[in-house]
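Peer 1: One structure coming up, written as structure tokens, with questions to follow.
No value in this document is a laboratory result; all are computed from the given coordinates. These figures come from a predicted structure and were not determined experimentally. Here the Cβ positions follow ideal geometry from the backbone for every residue, glycine too, while neighbour counts run over all protein chains shown.
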Amino acid sequence: MKRHYETAVVFDGTLSSEAVSQEQKKVEDLIRQQGNFEKTDAWGNRRLAYEINRKKSGYYCLFYFDSDRSISGHLDRAFKLNPAILRHLTLVRDPEKKIYQERKGHSGAGERRVKSEVREEA
């Protein structure tokens, strides 16, 4: 039975843009070998909350795909052997929820303001 997954990967922030795109392609090819690749959402180079291997920045990417359960072990093994990847996380996503890119324009800040205004009125 295929499940819907999303994998967040933090690449080394000191890599050139060409090297990052090559690494992204490697991850996409690895996913295609095991499952049905949907898309990549590149967040770009961002400052890390804490240093990882003496690195202060990382290039964040989200990969969306469908696959069997066995893919998490294959991805974990490949990511641990790749020195360009600082951190990774694979999660099962709810197929009913929309992918981040599709709902990117909605920040949720308006909802919080409405709720606080309702509390003040009561």
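Peer 1: What full-extension length gain, to one decimal in nm, is calculated for Asn45 and His74 as 0.36 nm per residue of separation minus the Cα-Cα distance?
Peer 2: 7.9 nm
Peer 1: How do the peptides 36-42, 5-11 rank, highest first, by the average count of neighbouring beta carbon atoms within 10 Å per residue?
Peer 2: Numbers: 36-42: 14.9, 5-11: 20.4.
Descending mean neighbour count gives 5-11, 36-42.
Peer 1: Label points 7 Å out from Cα along the Cβ direction at Leu89 and Glu18: separation in nm?
Peer 2: 3.3 nm
Peer 1: Still on this structure, please answer the following. Describe numerically, in nm with one decimal, the distance between label points set 7 Å from Cα along Cα→Cβ at Met1 and at Asn53.
Peer 2: 3.6 nm
Peer 1: Place the peptides 60-66, 49-55, 21-27, 76-82 in order of packing, highest mean first, counting for every residue the other Cβ atoms within 10 Å and averaging per peptide.
Peer 2: Peptide ranking by packing, descending: 60-66, 21-27, 76-82, 49-55.
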